[in-house]
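Notes follow the structure.
Laboratory data are not the source of any read-out in this text; all were calculated from the coordinates shown. These numbers come from a predicted model, not from an experiment. FYI the Cβ positions are ideal-geometry reconstructions off the backbone, even for glycines, and counts take in every protein chain you see.
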Amino acid sequence: MTATVEKAFLTIFQPTTAGGLGPPIGQIFFHFNPREYSVSRSVNWRPSPNPANEEGPTSEFTGAQPQTMDLEIFLDEDVGGRPIVPDIEMLLQATVPTTLSKMLKRPSPPFVLFGWGPTTSVRAYIKSVNVQYTRFEGRGIPTRAVVKLRLEELPLVPGLQNPTSGAREASRSHIVQAGDSLASIAYQEYQEPNRWRDIAEANDIDDPMRIPTGTRLVLPAVGSNGEQL
């Protein structure tokens, strides 16, 4: 049996005033999965000079820095089947405060969720975007580009339920809105985007990339062991 090749994606969310993920603004499915990506984390130590210590100062741990991820997105109009410029503009706009956040007096750029397969999901904000256009049509409109992203993780908002810490009482439903994806719905419901498979199975969805707006989805309950009830 041939293994299913899952596409990496980046979902962009409206930030909430509490620092969580609000409604999805848009989503980009990678035309090509990343060839590689890098993850790094650093910690802070504060040295305390001690003249009596011949081996040098002692150090005190003062906290960890957020995890960062560097990755590339390859966009090609021929592969994606639509213009690449709107996706690039959406990524660039994700580095400036949203209109709604400014209206609420809590200016913040959007938050993002990077996902790829069952084990990789990063909840973050976009630290930097670098776009290199590599092909153009006759009018000068880009049709191929390489986008380098740096993401910096966001801490889980205090008070959000961990879906594995207790059972949800019953299945619920969700009406698909413009910009929704199974992964973004799974994140909002379970805080685990990779549970999109549970939603797809519960609703007999064969093609998770094509869900009509207005579709009512059953959201299966999750038990204390993290398994679908």
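Could you identify which residue out of GLU36, GLU189, GLU60 has the top mean-square fluctuation in a GNM of the chain using Cα springs shorter than 10 Å? Of the options given, GLU60 has the highest mean-square fluctuation. As a proxy for reagent exposure, SER173, SER101 were ordered by neighbouring Cβ count within 10 angstrom, fewest first; the result is SER173, SER101.
Please state the shape class of the chain: rounded when a/c is under 1.5, otherwise prolate if a/b exceeds b/c and oblate if not, all from the C-alpha gyration tensor. Cα axes put the chain in the oblate bin.
Could you please state, rounded to a whole Å, how far the C-alpha centre of segment 1-75 is from the C-alpha centre of segment 169-199? A separation of 23 Å, based on Cα centres.
Straight-line cross-link reach from LYS7 at under 22 Å between alpha-carbon atoms covers these lysines, not counting any fewer than eight positions away in the same chain: LYS148. Listed by Cβ neighbour count within 10 Å, with the fewest neighbours leading, ILE185, ILE141 appear as ILE141, ILE185.
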